[in-house]
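Structure first, then comments.
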Amino acid sequence: MFATLLGRLPRPPGDDGRPIADDDRAVAAALDAQAEAGLEPLTDGRLRYRGPFGAILGLEGLEAGPDGPRLSGLPRWRAALTVDAWRFAADHATGLVKQALPGPYTLGRRLGADDPDASIMAFVAALRSEVLALAGAGCAFIEIEERDAHLIGTDEVERRRFADAHRSLLDGIEGVHLSLAIIGGNADTAGIETILAAPYPSLAVDLIDGPDNWRLVTNTPGDRGIVCGALSTRHPSDDSPE
């Protein structure tokens, strides 16, 4: 059993009570707080990035817009995007530090609506390169976060898109623990055969915004790990220690 954080953390306060503006100091404070609470794997809290897709804004063809990133062409990977940030966190922390990346299905659907199939597979290729760069740098735990899996449902086209994307993303990648995180809503109607079409060693599910995701858990093969989102970090949260 272990406890880890899914998603973004609020920026930690400094000695004056105000949020720490400096990214390095904020990440270090977030890591220290997690370690003190007994969490692991640790996360940088995504404090360096704006929005859920901020970690991959350096991709060629992806531009920052006033309402979030947008595609100006099919995305292409040219250089490591998160390796330096992960190294800083790993050097500061005393425990295992994971790196989170947005998933190709969500990215392709949201940002490549004109041709979602081509966009999804282009994001797959770019994310594979980033995963390999992180693994080469020593990152042992990478979390792939899909926010739109709850929109798949019984649509066979969407099921195929999701399954094909994740099979291609994981194909031939070894020596790193890849965890699939399903957040944002109930994705149980997509079926575990779709969600775990790729051989992810572990599955993380949001049981707050998607309480029916427990059905995915009960159908997950016994050789896969399970991470359950059960406590909210949103303020104000009425979650008690019990």
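Which Cα, out of Leu59, Ala100, Gly136, lies furthest along the positive dipole direction of the stretch 53-145 (beta carbon charges, K/R +1, D/E -1)?
Sorting the options by dipole projection puts first Gly136.
May I ask for the distance between the Cα centers of the stretch 74-106 and the stretch 186-220, given as a whole number of Å?
So the two Cα centres are separated by 24 Å.
Stick to the Cα atoms of the stretch 152-224, pair each with every other, and give me the Kirkwood hydrodynamic radius in Å at one decimal.
It is 12.5 Å.
Give, in whole angstrom and from largest to smallest, the semi-axes √(5λ) of the equivalent ellipsoid of the stretch 49-134, with λ running over the eigenvalues of the Cα gyration tensor.
Whole-Å semi-axes of the equivalent ellipsoid: 25, 13, 11.
Give the peptides 217-224, 113-120, 159-166, 190-197 in descending order of average Cβ contacts within 10 Å, highest first.
Taking the mean over residues of other Cβ atoms within 10 Å, the ranking is 159-166, 190-197, 113-120, 217-224.
With both bridge residues required to lie in the chain, what share of the DSSP beta bridges run antiparallel, to the nearest 5%?
25 percent
In whole Å, what is the distance between the alpha-carbon centres of the stretch 3-63 and the stretch 140-183?
23 Å
What percent does the relative contact order of the stretch 1-91 come to when contacts are Cα pairs within less than 8 Å and at least six residues apart?
Dividing the mean separation by the residue count of the stretch 1-91 yields 24 percent.
Distances longer than 24 Å among the Cα atoms of the stretch 1-109: what percent of all pairs is that?
Looking at the stretch 1-109, the distances longer than 24 Å represent 31 percent of pairs.
log₁₀ I(q)/I(0) of the stretch 98-204 at q = 0.20, 0.23 Å⁻¹, via Debye over equal Cα point scatterers, no solvent, to two decimals?
Taking Cα atoms of the stretch 98-204 as identical point scatterers yields -0.99, -1.30.
Please give the direction-averaged projected area of the C-alpha convex hull for the stretch 105-164, in square nanometres with one decimal.
Value for the stretch 105-164: 4.3 nm².
Compactness ratio of the chain: Cα Rg over 2.2 N^0.38 Å, N = residue count?
The chain yields a ratio of 0.98.
Evaluate the charge dipole of the stretch 93-170 about its Cα centre and quote only its size in Debye, nearest 20, assuming +1 on the Cβ of each Lys and Arg and -1 on the Cβ of each Asp and Glu.
Taking the Cα centre of the stretch 93-170 as origin, the dipole is about 240 debye.
What number, in percent, do you get for the relative contact order of the chain if the mean sequence gap of Cα pairs under 8 Å and at least 6 apart is divided by its residue count?
13 percent
Grab the DSSP H runs of the chain that are 4 residues or longer, score each as -39,500 (n - 2.57), total them, divide by all residues and round the 222 nm result to the nearest 500 deg cm²/dmol.
After summing the helix terms and dividing by the residues of the chain, the value is -10000 deg cm²/dmol.
Quick one: Debye curve from the alpha-carbon atoms of the stretch 3-45 only, equal weights, vacuum; give me log10 I(q)/I(0) at q = 0.20 Å⁻¹ to two decimals.
Once normalised to I(0) and log-transformed, intensities are -0.57.
Residue by residue through the stretch 4-16, what is 3J(HN,Hα) from phi via Karplus (6.51 cos²θ - 1.76 cosθ + 1.60, θ = phi - 60°)? Round to whole Hz and write x for glycine and proline.
Per residue, the Karplus-derived 3J(HN,Hα) values read 9, 9, 9, x, 8, 9, x, 5, x, x, x, 4, 8 Hz.
What's the carbon and sulfur percent of the chain's accessible surface, probe 1.4 angstrom, rounded to a whole number?
C and S atoms contribute 50 percent here.
Using the heavy atoms of the protein chains alone and a 1.4 angstrom probe, what is the accessible area of the chain per residue in square angstrom?
49 Å²
The values are calculated or read from the model by the stated rules, or taken from the named source; none is laboratory data. Remember, it's a predicted structure, so these values are computed and weren't measured experimentally. Glycine gets a Cβ as well: all are built from the backbone with ideal geometry, and neighbour counts include every protein chain shown. When the accessible area is computed, the model is the full protein with side chains, heavy atoms only, and any ligands, DNA or RNA have been set aside. Shrake-Rupley method; radii C 1.70, N 1.55, O 1.52, S 1.80 Å.
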